[in-house]
Amino acid sequence: MSRNRRIFLAIVVVLAFVLQLSVFPQFKLLGAQPDLILVVSIVVAVTDGPVAGAIVGFFGGMLQDIASPQVMGVSALTKTLAAFMAGMLKDFFMTYSILLPVLLVFFLTFFELFLHQGVLLVLGQEQLPPLNAATIFASALYNVLLTFIIYPLLRRFRFPVKEESLSMAKRA
Amino acid sequence: MPASSRPRTNRNRIILIVIIIICVAVVTLYVRESDSGPLHKIQNFFLDLVSPIGGAFAKIVRPIKDGFVNLLHLPSLSKERDDLQRQVAQLRQQGIKNNELENENSELKRLMRWEETQAEFELVGADIVGQSPDNWQRLMILSRGSSSGIKKYMGVETDEGLVGRVISVGSRSSVVQLITDSRSGVGARDQRSRETGILDGQNGSILKFDPMKDDADLKVGDIIETSGLGGTCPPGVIIGKVSSVKTRSSGLARLVEVKPFVKFSQLDKVLVIITPEPESVILKEAQ
């Protein structure tokens, strides 16, 4: 991954976090808001590989944990695992169709949520937020809608390594 | 598997394991430390840092959102205007009656020295600069924190009624748990019958009222207000109206639903009720 791509992804994560905190709570769809950081992590895992996705998931999730009074590290852990899983599954299917990230985002939204609840349960958190099937489904659909915007955007700005530097590397 | 891809797979595994170890370490430290521990301090510091950015974004987005909402509700707006004009006429008449009652009431209050106890509550205005970043909590981030005298467990209200209570405080920001959050429980009473109980949030737009007595006198349309029990909120802050009273199939208890007066999606400013040492009151009750 090029240096420009890394800087670009860092900006995307911070921007996703700010949008998640201030914009999406105002635009709920069927009473649910999306999880933009999860969408970005999964899409990065598909475009740049499981490790890149996991790192984006870790930093994005940690930002989310720090900015709200919840147990720090849980979102970072669940988003890391969801993104890593997305990257592994992408390697397994070997396709560039938008259908793959869309399906991964839809199903991994459920996975990430149940994992989050499971971790809180293991930690002995007394008051777990109640899971509402309609809200989970609406949130998964909202995430899918965002994937149609995020996936082409992240694929477009790939910042390929320049020919000269490639030939220099080969000579070396 | 080709030999060249094997070291890459191992490297991927190592990176994943390192990230998981960091996450588990952070979770363990966070759960074990007190509210004044380093990770909690980082959380509060970060909240102070992020809240102005969130506030700026919210200010940009709110007019756009209001435009969308108005566009969607355009057909019902003219009907609403007619209804409001009718209500204004009714309220004007009601106001005249209320003035008489107010005079009588202030005389009675003076006699009961009620005003003296109310004088200890001061209000601090704050802007809403952010909301919960997920679907499972009902939280709001305020632009004021401990530097404005705000402390954990203080009540938050608007002119429409009770909004929630402060659950986390930074120096220039604080987090409010709304009364609609499923983990919220507020000491409340029926304004008409004075029956007391607990008002629980359900992560939706409706609250559930659990009266102390099974045969409590509760009717649809009754106003529910804070009871003052708990020490975080003064008594008499209105919360909502009873929207339904149903008997459960078991026949043992009733399901009383309350619709809050506050329109949480339209809030942009709130008032924090500065109460003396709200945390110590909560702790005393827990003991």
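Every number in this text was worked out from the coordinates using simple rules, so none of it is lab data. Values in this document were obtained by computation on a predicted structure and should not be read as measured data.
Under a 5 Å amide H cut-off, with hydrogens placed 1.01 Å from N, B:Val237 pairs with B:Thr226 among residues at least 5 apart or on other chains. Report relative contact order for chain A in percent, whole number only (criteria: Cα-Cα under 8 Å, sequence separation at least 6). Worked out over chain A, it gives 26 percent.
Which residue, B:Ile128, B:Ile21, B:Ile64, tops the fluctuation ranking in a GNM of chain B built on C-alpha contacts under 10 Å? In the Gaussian network model the winner is B:Ile21. In chain A, the DSSP-assigned H stretches of four residues or longer account for a calculated mean residue ellipticity at 222 nm of -25000 deg cm²/dmol, using -39500 (n - 2.57) per stretch and the full residue count as denominator.
For chain B, modelled as a GNM whose springs connect Cα atoms under 10 angstrom apart, the maximal fluctuation among B:Lys79, B:Lys59, B:Lys213 occurs at B:Lys79.
Largest mean-square fluctuation among B:Thr226, B:Thr275, B:Thr247, in a Gaussian network model of chain B whose springs join Cα atoms under 10 Å apart, belongs to B:Thr247. With contributions of -39500 (n - 2.57) from each DSSP H run of at least four residues, the per-residue ellipticity at 222 nm computed over chain B stands at -14000 deg cm²/dmol. Using C-alpha pairs below 8 Å separated by at least 6 residues, the relative contact order for chain B is 16 percent.
Across the range B:123-287, C-alpha contacts under 8 Å between residues 6 or more apart give a mean separation that, scaled by the residue count, equals a relative contact order of 24 percent. For chain B, the longest principal axis of the Cα atoms and the long axis of helix B:38-72 meet at an angle of about 60 degrees. I'd like the orientation of helix A:36-48 relative to chain A: the angle between its Cα long axis and the longest Cα principal axis, in ° from 0 to 90, rounded to 10. Once rounded, one gets 30 degrees. Computed from Cα atoms, the angle from the helix B:5-32 axis to the main principal axis of chain B rounds to 40 degrees.
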